[in-house]
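This report refers to the structure that appears directly beneath it.
The values are calculated or read from the model by the stated rules, or taken from the named source; none is laboratory data. Everything numeric here is computed off the predicted structure, so don't read it as measured data. A quick note on method: Cβ atoms are made from the backbone with ideal geometry, for glycine too, and the neighbour counts reach across all protein chains shown. Ligands, DNA and RNA are excluded from the accessible area calculation, which covers all protein heavy atoms including side chains. Shrake-Rupley method; radii C 1.70, N 1.55, O 1.52, S 1.80 Å.
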Amino acid sequence: MLFIPKVFKEDNFENIAAFIKQQPQATIVAQTATGLEACHIPMYWQNDGSEFGALYGHMTKINPLNNNDNLAAPWLIIFQDTGHYISPNWYPSKAATHKEVPTWNYRSVHVTGDVSLLTEPEALIDILSKQTADFEANQSHPWSLDDAPKSYIQAMCRAIVGIRVDITNVQVQFKLSQNKTAENRAGVIAGLKQLRTAKADDMAALIQKVD
């Protein structure tokens, strides 16, 4: 279970799906006979008509997670951004009371679900095609599976296994200074913008959207 203070909880699934699309690199954690096993792979969310939809990805066949014995218990899949350090010096209230401490803002999505391992060539091609189309969308000449010899793609597919996660639960924390006053949030935004980095600007923009 993920501990989520109420003020940081995110329930809007449109926002959650959008975050997964923006941060597709997933950390997978599964209980195996020899203990916890983890791996890091990109995954994408698909609306299949169920309550939460499903996640898809693929891994190499030699990955220890590629074992049907590991499917008895749900897997945990984590999506998270890098977040940003927040200095207490940015809070106007700190100058008056000094009762502020450093913190870290971030967004994190924890998904649990029942897993199926997919080996059919059609399923693997479908996963690879959708992931490639998504990741290549901003290229001037997007690469596709058709750009490689069919025999080469078929050989590559024999070395991987697809993953489908039927989502049973979602826990989400977007920690974006919601627990601070509007004045202190404005101070954080100003402090971040002074750093003049892409990460700081991104975090400032997220905080600006907080009601």
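Remarks
- The residues of the chain have, on average, 58 Å² of accessible surface per residue, using a 1.4 Å probe with all protein chains present.
- Surface share of carbon and sulfur [accessible, 1.4 angstrom probe, percent] for the chain: 53 percent
- Angle between the chain longest axis and helix 182-195 axis [Cα atoms, degrees, rounded to 10]: 70 degrees
- Straight-line reach from LYS94: taking Cα to Cα under 28 Å and skipping same-chain neighbours fewer than 8 places apart, the lysines in range are LYS6, LYS9, LYS175, LYS180, LYS193, LYS199, LYS209.
- Residues of type lysines that LYS61 reaches as a straight line, Cα spacing below 28 Å, ignoring anything fewer than 8 places off in the same chain: LYS21, LYS130, LYS150
- Along the chain, the longest continuous region that contains none of the GluC sites (Glu not before Pro) in a DSSP loop with at most 15 other C-beta atoms within 10 Å is 52-135.
- Which of TYR106, THR32, TYR44, positive extreme of dipole for the range 1-145 (C-beta unit charges): TYR106
- When the chain is treated as a Gaussian network with alpha carbon springs shorter than 10 Å, the biggest mean-square fluctuation among ALA200, ALA155, ALA186 belongs to ALA155.
- Centre-to-centre, using Cα atoms only, the range 2-69 and the range 166-211 are separated by 23 Å.
- Exposed chymotrypsin sites (Phe, Trp or Tyr not before Pro) absent: longest stretch of the chain, with sites in DSSP loops and at most 12 other Cβ within 10 Å deemed exposed: 4-142
- Ordered from highest to lowest accessible area with the whole protein assembly present and a 1.4 Å probe, HIS141, HIS98 read as HIS141, HIS98.
- Calculated SAXS-style log₁₀ I(q)/I(0) at q = 0.17 Å⁻¹ - the chain, Debye, Cα scatterers: -1.15
- √(5λ) per eigenvalue of the Cα gyration tensor, the range 87-211, largest first, Å: 45, 20, 10
- Dipole-positive endmost among ALA137, THR97, VAL115 within the chain (Cβ charges, Cα centre): THR97
- Angle in degrees between helix 121-135 and the longest Cα principal axis of the chain, rounded to the nearest 10: 30 degrees
- Relative to the longest principal axis of the Cα atoms of the chain, the long axis of helix 13-22 lies at roughly 70 degrees.
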